[in-house]
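Remarks on the structure that follows.
The values are calculated or read from the model by the stated rules, or taken from the named source; none is laboratory data. Everything quoted here is computed from the prediction, not taken from an experiment. When we count neighbours, we look across all protein chains shown, and the Cβ atoms used for this are built from the backbone with ideal geometry, even at glycine.
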Amino acid sequence: MIRAVVEYVEGEGQPPPELKKVLTWRTWNIMPRSGGSDEQRYGELEKMLAAANVHDVWQAHKKGHLKDMTPEQKKMLMALKRLNGSK
């Protein structure tokens, strides 16, 4: 899922389902409701938050906003670069 998020930000593919839900909720400014397609499976919210964090950090990296990142975000970026095979 993490690689899929990075690939999506790089313009290479579709967002994974967890990120797609987060982006939809951000776009429409609504929180998930229970029932139907808005229902979350056990552990899905944690996956969605992880996908959102990866998306935001990689997006900031692409835009050159390193100076605006927290130390934790910079650490995450380094891990993402290693995972993605980037330098």
Residue within the stretch 16-38 that is of a type in the set (F, W, Y) and modelled with pLDDT of 90 or more present: no
Scope the stretch 63-77; condition assigned to a helix (DSSP H, G or I) and surrounded by 11 or more Cβ atoms within 10 Å (Cβ to Cβ); matching residues: L66, Q73, K74, K75, M76, L77
